[in-house]
């Protein structure tokens, strides 16, 4: 079992702007784990993010897009196996699997033990004084953490992925600890999905 996870993001029909609307952004994780019968799985998990009571929730059972086992033979059906008719997801899965294997073979490949997130911005009616802002189409955006700390009413959320790698390599023996936690105004769980509940 490889003691690594790859985590990255994908955008769907995002405009050519530095800030990506939350609804057009998803996150992907690839990692090995053993199931209840000690079989080795290589899971490819996709999740969206949603704002829930001022907290940005990424992943978890309610935000699952897909959870595939790359060690199972593909078949043309829903479930844990890749569907070969979904060329985009199949290509992503194979590319990420090759990348993870390359990381496993090369001990000096750059790795992290803490997941980096985009800078999060949100739409508010009125920005507090001395607060950094972005203006997009006559809308004022401020950092999500500031809006949460000030108890402001939050509108649309945007991600600034400038400088954020498309794939991050995380190293650690317990993949769950790498893929679950909190970071500022973000609560994330890229391990447990609607198919894979907490044990």
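The values are calculated or read from the model by the stated rules, or taken from the named source; none is laboratory data. Please read these numbers as outputs of a predicted model, since none were measured by experiment. Cβ sites come from the backbone with ideal geometry, for glycine too, and all protein chains shown count toward neighbours.
Looking at (1) in contact with a helix residue (DSSP H, G or I) (Cβ under 8 Å, 6 or more places away or on another chain); (2) closer than 17 Å to residue 48 by Cα; (3) exposed (fewer than 14 other Cβ atoms within 10 Å of the Cβ), which one does residue 113 not meet, given that it meets all the others?
All conditions pass for residue 113, except number (2).
Out of 128, 107, 132, which single residue is loosely packed, with under 14 Cβ neighbours inside 10 Å, under 23 Å from residue 170 (Cβ atoms) and at pLDDT below 90?
Working: 128 fails: under 23 Å from residue 170 (Cβ atoms); 132 fails: under 23 Å from residue 170 (Cβ atoms).
Residue meeting the stated conditions: 107.
Within the stretch 110-124, can you find the residues that are more than 18 Å from residue 164 (Cβ to Cβ) and in a loop (DSSP other than H, G, I, E, B)?
Looking only at the stretch 110-124, we keep the residues that are more than 18 Å from residue 164 (Cβ to Cβ), and these are 123-124.
The one that is more than 18 Å from residue 164 (Cβ to Cβ) and in a loop (DSSP other than H, G, I, E, B): 124.
If I ask for residues that are out of contact with any helix residue (DSSP H, G or I) (no Cβ under 8 Å at 6 or more places or on another chain), touching a residue at least 60 places away in the same chain (Cβ under 8 Å) and either buried (at least 18 other Cβ atoms within 10 Å of the Cβ) or part of a strand (DSSP E or B) (or both), which ones from the stretch 182-195 would you list?
Hits for the stretch 182-195 are 183, 186, 187.
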